[in-house]
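Have a look at the structure below before the remarks.
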Amino acid sequence: MTGRFPSSKLKLAANGNLFDMTANSGPFSANQAPGRGTVFEFNFNTQGFILKHVFEESTGQYPTFTHLVEVGAAQNCVGVVDEVIDLTNRSIMTDTTANLRIITNGKVIMGNSFNFYAGGSIEFLTDFEVENSAVFHAYIATCQ
């Protein structure tokens, strides 16, 4: 397997392996030029890479700026949204739960304690902050 220009953030899956994509390269075949991108898995137990998908013209060549989401890892919890995306840079005032992912640049103010639960991923953007004496936990877990 070959690949260059990783184009997403490494994704730690429920099986304990890492997944990522490349925007270019991939195996060469007689009916397709190389260089359209791949999805791969890294297995910690075997220390080996596994090629999961090769992009072609018909399947979305040269993937870029993409986040991998593990389908099937999260349960659809009753009354819980799939995604929480808060880019307001405001104070976090409550525990937050999402079926798939949470993205935030918020702040946990000193003296407060909050938890995030997401079935797939939690992403902390620039300016995310937990002030001194505040307590914050982030869990990849479902139905909390």
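FYI, it's all coordinate maths here, none of it is from the lab. What you are looking at is a predicted structure, and each value in this text was computed from that prediction instead of being measured. Positions of Cβ are generated from backbone atoms using ideal geometry, with glycine treated the same way; all protein chains shown enter the neighbour counts.
List of remarks:
- Overall, the anisotropy analysis places the stretch 101-144 in the oblate class: the square-rooted eigenvalues a ≥ b ≥ c of its C-alpha gyration tensor yield a/c not less than 1.5, with a/b not exceeding b/c.
- Computed from backbone phi, the HN-Hα couplings of the stretch 128-134 come to 4, 8, 10, 6, 3, 6, 8 Hz, rounded to whole numbers (Karplus: 6.51 cos²θ - 1.76 cosθ + 1.60, θ = phi - 60°; Gly and Pro given as x).
- A simple count of charges around Leu87, restricted to other residues whose Cβ falls under 13 Å of its Cβ and scoring Lys, Arg +1 and Asp, Glu -1, yields -2.
- Relative packing of peptides 47-54, 101-108 - highest average C-beta neighbours within 10 Å first: 101-108, 47-54
- Residues with amide H under 5 Å from that of Ile103, placed H, sequence gap 5 or more: Val84, Ile85, Asp86, Glu123
- Per-residue Karplus couplings for the stretch 83-91, computed as 6.51 cos²θ - 1.76 cosθ + 1.60 with θ equal to phi - 60°, are listed in order as 9, 10, 10, 10, 10, 8, 6, 9, 5 Hz, Gly and Pro entered as x.
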